[in-house]
Amino acid sequence: MDYKSLQAKAGELGFDHLGLIPARPARRLDAYLEWVDQEMHGQMGNLARPDRVARRRDLNVILPGVQTIICVGLSYYTAQLPAAIAMDPGRGRISNYAWNLDYHDIMTPRLQLLAEWLASQSDESIVNKVYVDTGAILERDHAETAGLGFIGKNSMLINPRRGSYFFLGEILTTLPITAVQLPLTNQQQPSCGSCHRCLDICPTNAFPRPYLLDARRCISYLTIELKGWIPRDLRPLMGNWIYGCDLCQDVCPFNRFTQPTRESAFLPDLAFAEAAPPLLDILMLDERTFQSRFAHSPIKRIKRTRLIRNACVAAGNWGSETAVPALCALLADRDPIIRGHAVWALRQIGGDTAQQALVTLRSIERDEMVLEEINVD
C-alpha cells in the first residue's frame, strides 16, 4: 500500500494530519507513571487504574496482534474571540474546541471509514480499533513519534506549521507498518526554545516547570474533569472561564501559523453566543433547557451541575449585583454543589440582598459543605 493513497483518503475524510508508527509503548510512559504517582491527575482516576496502565504498557492488551498505530489530526481552530466579548466579565468563556458540535461525533465515524478503507486495501485479513480521545493510550506521545508535531512546554502537541489547535485520533491495526511504503521524513523538530509565554499566562500556575502540567490547578481540569467542589483559593483565578481554557495556546507563537478549520461543524455562530454566552443565561438553565441547548455539544458531558457551578464562580468574579437574583434562585437548587458555589458568588458580590439571602439559607441549610461556604471567614 502506498502512503500517499492513505494520506489522500485521510484528507478526503477531512483529516489534516497523518502519521504511522510501530505499535510500541509510548516513549514517555515512565514520565507519565511518575506524574500519576505524584497525583497530578487529580480526580481522573481512570488515568491511574491498573488495567488502563497495563494497556499503556502493552498495546496488545487492547488489540492482540497490533502492529501499527495510525495517528490523525483534525484542526478545530475557527476564529479569535473578539476582545470585547472575551474580556466581558458578564460572559462565560468556552474553549474554542467546544463552540459547536462534539468532535467525537465528527471524528469517530470518519476514522471508522478510514479503518474500513484500510481493511479493503489489504490482501491480508486485518483487525482495526478506533479511538478518539477515549483509549488508554498516550496519544500525544504517539502522535509526536508519528511526526504530527512536538510536545511544547504547555504539554500540548504543536505542529510547527499549523499550531496546536487540532484533535487527535488513532487507528490501532494488525496491519504491519512494513506493508505501507512510507515517505522519507526529516526527524528534526523545532522546539519552544527559550519561550515561556504559556507558563507565564497561566492564572493558576498550573505548570510547576516546563513540560509538566499539574492538572489539579488547570482551569480546563477544574471546569471539566473535577466533579466536586472547586478549591476556594483557585476560584478567583479562574476569571470568566466556564468550560475549558485556551490561554496557554492563545499566546503560543506557533499558533500564528494556524489556519481556520475546513470543518464547518466546528464554526461558531456569528454572534459568538455559544463561545461566550451571557452568564445570566447559563445560571438560569434548568435540566431540560441544559439538555436541549447542549445536546450536540461536548459540554453535555459535564452535565448541568458542573456548568452551573462554573458559571457561579465566573459570576462571583464578575462581581456585579446584576447576577444576584439568578444566584439567589440557585440557593434553592437540589444540588449542594450548586448551592455552595452560588453562596461563594454572593459573598464575593456582597450587598444587602445577597447578605439577606445567605442569612435565610443559613437557617434552613443542612449540608455541611454549603454551611461551610456560608460561614467561612
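For this structure, a couple of remarks:
- Degrees between helix 336-349 axis and first principal axis of the chain (Cα, 0 to 90, nearest 10): 60
- Near the amide H of ALA23, within less than 5 Å, lie the amide hydrogens of THR68, ILE69, all on another chain or at least 5 residues away, with H placed in the peptide plane.
- Secondary-structure-derived ellipticity at 222 nm for the chain, considering helices only, amounts to -10000 deg cm²/dmol, per-run term -39500 (n - 2.57) for DSSP H runs with n ≥ 4.
- Candidate lysines - alpha carbon under 22 Å from LYS303, same-chain residues fewer than 8 apart omitted: LYS227
- Helix 3-12 and the long axis of the chain differ in direction by around 40°, with both axes built from C-alpha atoms.
- Simple point charges give the picture: +1 on the Cβ of Lys and Arg, -1 on the Cβ of Asp and Glu, and for the stretch 224-373 a dipole about the Cα centre of about 340 debye.
- About its Cα centre, the dipole of the chain is roughly 300 debye, where the only charges are +1 on Lys and Arg Cβ and -1 on Asp and Glu Cβ.
- Linear extension gain, ALA84 paired with VAL61, 0.36 nm per residue minus alpha-carbon span: 3.3 nm
- Each peptide in 16-27, 153-164, 56-67, 242-253 was scored by the mean count of other Cβ atoms within 10 Å over its residues; highest first, the order is 242-253, 153-164, 16-27, 56-67.
- Relative packing of peptides 340-346, 129-135 - highest average C-beta neighbours within 10 Å first: 340-346, 129-135
- The 3J(HN,Hα) values that the Karplus relation (6.51, -1.76, 1.60; θ = phi - 60°) gives for the stretch 155-165 are, in residue order, 6, 7, 7, 10, 8, x, 9, 10, x, 10, 7 Hz. Gly and Pro appear as x.
- Reachable aspartates and glutamates, given that their alpha-carbon falls under 16 Å from the alpha-carbon of LYS129 and they are not under 8 places away in the same chain: ASP58, GLU116, GLU139, GLU170
- Using θ = phi - 60° in the Karplus curve 6.51 cos²θ - 1.76 cosθ + 1.60, the 3J(HN,Hα) couplings for the stretch 132-144 round to 10, 6, 10, x, 7, 9, 8, 5, 5, 5, 5, 5, 5 Hz; x is entered for Gly and Pro.
- Most mobile of ILE364, ILE106, ILE94 in a GNM of the chain (Cα contacts under 10 Å): ILE364
No value in this document is a laboratory result; all are computed from the given coordinates. Note that the structure is a prediction, hence the values are computed from the model and not measured. Heads up, the Cβs are rebuilt from the backbone with ideal geometry, glycines too, and the neighbour counts pull from every protein chain shown.
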